[in-house]
Structures are given as C-alpha cells and as structure tokens.
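Below you'll find the structure, written out as structure tokens, and then a few comments.
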Amino acid sequence: MTHKILVVNDNDQPIGEFSKEEVWEKGLLHRIVRIMVEDEEGRILLQKRSMQVDTFPGCWDHSAAGHVDAGEDYEEAAKRELHEELGISNATLHKIAVYRTSNTFNGRKLNRFNALYKATIDASQPLNLQESEVGEAKWFTLDEVKELVAEQPDNVTDGLAQVISDYYAKETQGEH
C-alpha cells in the first residue's frame, strides 16, 4: 500500500490524498510541518538529514520536519515527526506560523503550506534518531545557526534558511 499525504487547495482546505511522488511530479499543493526544538538556554537542536532521503540529503535542517499524512492535522503530524525522527514524545508544541512556499529540488515541485512549531525540552533528554532519515542531531546557539546558514548555504535546507531569516532574524545577536 502506497503511503498517502494530504493535498489541499489554495485556502489550505483538504481536497485529496496522493503519494509523495505524485505530489512532487504534479506540483500539488500539500502540507508539511517544521519543528524547532530549543533547550532552556535557547540553543536550537538541528538535525543533519540522512544521505538516503529524497530531498536535501546530508543538509542541516529543522529539529524535525515532514509531510502531513492523509487523516492528520498539522499538530498531529508535528508530534508524529518529533517522535519518529528524534524519539521526543513529551514536548509541548507552540504554533508560530503557517505560510506558503513554492520551489523545486532536483525536478521535484515542492508546492506547500508550512506549519512552523517551536518546542522546548531539557537538553539532557536522550534522543532516539531515526537512522533512515536523520544522520545526526546537534545543539547550536542561534548565532551558530545564523553563521551556518550564511556561510554554508548549500549545507542547509531551504526551509531552515527561511525560518532563520523570517522568524529568528529579530532575535538579539550575542545572547547565549
């Protein structure tokens, strides 16, 4: 059975279910979630994507991210992705924004609504990485993430660069 993801209209209302491959090939509008996990000191947990993933292999990315599956809402998908990719199941999620993006990666049309969430956890909490999708996870200060995005743009996902630019740009430099 082929895994189905939720497809939506221009008003972000569900209209169907398709495989990722169909969605990417046809450029169908769909939903994804992006989760930024921070610790009590404000450090940000980033994951380095596995070399086996379809999009942005080997790139630094949000703490967790993924498609909204058929039958899920944004928050259910965010909780599922946090658990699947990092083994985190007890974090409280705070929705920061929903926004639309459209771009292409290696011929795949990525036309999507993005729901951005933030969660805070204890940095000593053990992580259980999903090896098929996550190569490693590491804590960064905000300044370190901004430096990574600015100096190594080919080593970060488009989504991470946008989130740092749009939602962390106003953060005061030098706070640790």
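The values are calculated or read from the model by the stated rules, or taken from the named source; none is laboratory data. Small disclaimer: the values here were computed from a predicted structure and weren't measured. No Cβ is skipped: glycine too gets one built from the backbone with ideal geometry, and neighbour counts run over all protein chains shown. Calculation scope for accessible area: heavy atoms of the full protein, side chains included, ligands and nucleic acids excluded. Shrake-Rupley method; radii C 1.70, N 1.55, O 1.52, S 1.80 Å.
Okay, here's what the table says:
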item	result
Residue among 124, 89, 102, 132 that alone is open to solvent by 60 Å² or more (accessible area, probe 1.4 Å), in a strand (DSSP E or B) and either more than 19 Å from residue 4 (Cβ to Cβ) or in contact (Cβ under 8 Å) with a residue 12 or more places away in the chain (or both)	102
Given (1) under 16 Å from the mean Cα position of the chain (by Cα); (2) closer than 22 Å to residue 20 by Cα, number of the condition residue 129 does not satisfy	(2)
Residue 80 under 25 Å from residue 22 (Cβ atoms), open to solvent by 30 Å² or more (accessible area, probe 1.4 Å) and in contact with a Pro (Cβ under 9 Å, 6 or more places away or on another chain)	no
Test result for residue 38, among the charged types (D, E, K, R) and either free of Cβ contacts under 8 Å to residues at least 40 places away in the same chain or under 30 Å from residue 142 (Cβ atoms) (or both)	yes
Top-ranked residue of segment 6-42 - restricted to ones that are in a helix (DSSP H, G or I) and among the basic types (Lys, Arg), ranked as nearest to residue 55 (Cα to Cα)	20
Of all residues in segment 102-115 being within 13 Å of the chain's Cα centre (by Cα) and not basic (Lys, Arg), the one that is farthest from residue 9 (Cα to Cα)	115
Pair list, Cβ < 6 Å and 6+ apart or interchain, from segment 45-58 residues that are at positive phi and in contact (Cβ under 8 Å) with a residue 60 or more places away in the chain to residues that are among the aliphatic types (A, V, I, L, M) and open to solvent by 30 Å² or more (accessible area, probe 1.4 Å)	58/51
Test for residue 116: is it touching a Ser or Thr at 6+ places or on another chain (Cβ under 9 Å) and open to solvent by less than 20 Å² (accessible area, probe 1.4 Å)	no
Tabulated pairs, segment 1-26, first open to solvent by less than 20 Å² (accessible area, probe 1.4 Å), second among the polar types (S, T, N, Q), C-beta under 8 angstrom, 6+ apart or interchain	5/19; 19/2
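Yes/no per residue for (1) in contact with a Cys (Cβ under 8 Å, 6 or more places away or on another chain); (2) open to solvent by less than 50 Å² (accessible area, probe 1.4 Å); (3) farther than 30 Å from residue 13 by Cβ; (4) among the polar types (S, T, N, Q):
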{"residue": "37", "(1), (2), (3), (4)": "no, yes, no, no"}
{"residue": "48", "(1), (2), (3), (4)": "yes, no, yes, no"}
{"residue": "60", "(1), (2), (3), (4)": "no, yes, yes, no"}
{"residue": "65", "(1), (2), (3), (4)": "no, yes, no, no"}
{"residue": "69", "(1), (2), (3), (4)": "no, yes, no, no"}
{"residue": "95", "(1), (2), (3), (4)": "no, no, no, no"}
{"residue": "98", "(1), (2), (3), (4)": "no, no, no, no"}
